[in-house]
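The values are calculated or read from the model by the stated rules, or taken from the named source; none is laboratory data. Being a predicted model, the structure only gives us computed values, none of them experimental. Here Cβ is always computed from backbone atoms with ideal geometry, including for glycine, and neighbour counts include all displayed protein chains. For accessibility, only protein heavy atoms count, side chains too; no ligands or nucleic acids. Shrake-Rupley method; radii C 1.70, N 1.55, O 1.52, S 1.80 Å.
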Amino acid sequence: MSTVLVVDDSITEIEIISSCLRRSGLNVITACDGGDAMNKLSSQKPDAIILDVVLPDKSGFELCRDLKAEASTSKIPVVICSTKGSDMDKFWGKKQGADAYLSKPVDQEELVRTVKQLIQG
């Protein structure tokens, strides 16, 4: 069974995204900021990562760039899921290495479809 790391500072968003992914048969681990995410990644390698952009310690854009630059996490697909949904935000997310960019409120079917496609590669 595949595992997804969900990084968001909103407990509500984490619950919505996590329950949606669990219903589709995925394991979910969660983190509330970039530091928490990096701690979880040091002990566990998920099959995909869902990142919010607005986080308390470093932005999802910065975190994505760091993950893609690090050999141990560079191959993990990253989906940015954010209220920042302008074309410029999406362009910038892709420039940081994001494999997909979804706007909030997220379409749950699209989220599951995107994550599963990325995991299957």
query: For segment 1-94, what % of the accessible area comes from carbon and sulfur atoms, probe 1.4 Å?
result: 52 percent
message: Net charge within 11 Å of residue 100 by Cβ-Cβ distance, Lys/Arg positive one each and Asp/Glu negative one each, not counting residue 100 itself?
response: +1
query: Using the Kirkwood radius built from alpha carbon pairs, what does the Stokes-Einstein equation give as D for the chain at 37 °C and 0.692 mPa s, in µm² per second?
result: 237 µm²/s
task: Kindly rank 59-66, 27-34 from highest to lowest mean number of other beta carbons found within 10 Å of each residue.
output: 59-66, 27-34
field: Per residue, in Å², the accessible surface of the chain once ligands and nucleic acids are set aside, probe 1.4 Å
entry: 50 Å²
- line: In the structure shown, of 40/68; 45/90; 68/95, the pairs separated by more than 19 angstrom at the C-alpha atoms are 45/90
Computed helical MRE - 222 nm, the chain, DSSP H runs ≥ 4 contributing -39500 (n - 2.57), nearest 500: -14000 deg cm²/dmol
